[in-house]
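Some notes on the structure that comes next.
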Amino acid sequence: MADVAGVIVRPFAPEDYPGLVALHNVTYPTFPTTEEEYREMDTRPGWQRWVADWDGRVVGMANSRMSGPVGTIGLAVAVLPAYERRGIGTALYDRLLAALAPLGVQTLRAHASESRPQGIRFLEVRGFVEVLRSYDSALDLRAFDAAPYQAVLDRVAAGGIVIRTLADLANDSDRDRQVYDLYWSLMRDVPGRGEDVPPPFEEWQASYLHGPSLSPARYFVALDGDRCVGQTALRVKSDGLTLHHELTGVRPGYRRRGIALALKVTALRAAQAEGWARVTAANAATNRAMLAINERLGFVREETWVTYRKDVWPPGQG
């Protein structure tokens, strides 16, 4: 069915992957991806996707997936710049809402970059309300000097905290379960993510912890005896040239002891030793403690993202 002159909005098909990846990398240039990553992501449950087909070319897409609290859907709508302002984004969004209506969805969540004001306008005119801002930042590892932080590392070690990689703990049969429990305990304190529902352990273990972009040698945990009390990790981004800081956090009873800074310095120093040149990070604007650590380390802010929310259908209605 042609929703806009010359355009057919239809369900995504496997042969659309090349066009989907090309569209993604044009519209989200700071988060490049690959066909392999999309295919791996699509093995996880809950995804729905439509594409806008213009004479066999993918010129737009709409994704939705259960995200965060029960009844919340995360969505994304993107259109190639040359095809904007033709109603394609509206057609994709309307198609998405029609499919979600019977599913008991209560809340929609979406993100837009300040560098693309058209995306912000698209959400705001449809009643989405800003709930959070976050910053993307980057560190030039070639200019990073870990030496000034040695006193912090020494103080943390003197307090009985040992930092190890998951590779170091390969013989610990309880390792993955401990890291899962730590990760989702810390996520409760992450702005905008505190209500997220943890996936089953086996799903998280396979798709995240043992996913293709995370290496056990770049996943660091802080140990107090046998207990995992803090973590950070560096994930390889799709460009193959950049590392991205995953969740960094410390259990409440261990905060304000320099452990988070020690974890980050240890990870960055290891990345330097491997020859990496660039590390990125994303932090909520309200997470002042982590922003302060990143600024102290030399991260420079590059982009601002706005998280939006829209309440659509009350519970039990479609």
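Cα convex hull of segment 1-69: mean projected area in nm², to one decimal? Quarter of the Cα hull surface area: 5.4 nm². Per the Kirkwood formula applied to alpha carbons, segment 68-124 shows a radius of gyration over Rh ratio, Rg over Rh, of 1.00. Taking label points 7 Å from Cα along the Cα-to-Cβ direction, Arg57 and Ala13 give a separation of 1.9 nm. Label reach from Leu241 (point 7 Å along Cα→C-beta): in segment 263-285, amide nitrogens under 14 Å belong to 276-280. Projected over every direction and averaged, the convex hull enclosing the alpha-carbon atoms of segment 145-297 yields 9.1 nm². D by Stokes-Einstein for the chain, Kirkwood Rh over Cα pairs, 10 °C, 1.306 mPa s: 75 µm²/s. Computed about its Cα centre, the charge dipole of segment 145-297 is approximately 560 debye, with only Lys, Arg, Asp and Glu carrying charge at their Cβ. Fully extending the segment from Arg193 to Thr286, taken as 0.36 nm per residue of separation minus the present Cα-Cα distance, adds 32.2 nm. Taking the chain as a Gaussian network of alpha-carbon nodes connected by springs under 10 Å, the highest mean-square fluctuation of the residues His210, His24, His245 belongs to His210. Specify the residue with the greatest mean-square fluctuation among Ala82, Ala99, Ala138, computed from a Gaussian network of the chain linking alpha-carbon atoms under 10 Å apart. Taking springs between Cα atoms under 10 Å, the residue moving most is Ala82. Based on C-alpha pairs under 8 angstrom that are at least 6 apart in sequence, the chain has a relative contact order of 24 percent. Overall, the anisotropy analysis places segment 97-217 in the oblate class: the square-rooted eigenvalues a ≥ b ≥ c of its C-alpha gyration tensor yield a/c not less than 1.5, with a/b not exceeding b/c.
To the nearest ten degrees, helix 175-187 and the longest principal axis of the Cα atoms of the chain are 70 degrees apart.
For segment 13-125, the convex hull spanned by the alpha carbon atoms encloses 115 Å³ per residue. When the Gaussian network model of the chain links Cα atoms closer than 10 Å, the mean-square fluctuations of Arg39, Arg301, Arg278 top out at Arg39.
In the chain, the longest principal axis of the Cα atoms and the axis of helix 17-27 are about 70 degrees apart.
To the nearest ten degrees, helix 288-297 and the longest principal axis of the Cα atoms of the chain are 70 degrees apart. Fully extending the segment from Asn171 to Arg255 would add 27.4 nm, taking 0.36 nm per residue of separation and subtracting the current Cα-Cα distance.
Each reported figure results from applying straightforward, stated rules to the coordinates on display, with no laboratory input. This is a predicted model, so every value here is computed, not measured. Don't worry about glycine lacking a Cβ; one is built from the backbone with ideal geometry, like all the others, and counts go over all protein chains shown.
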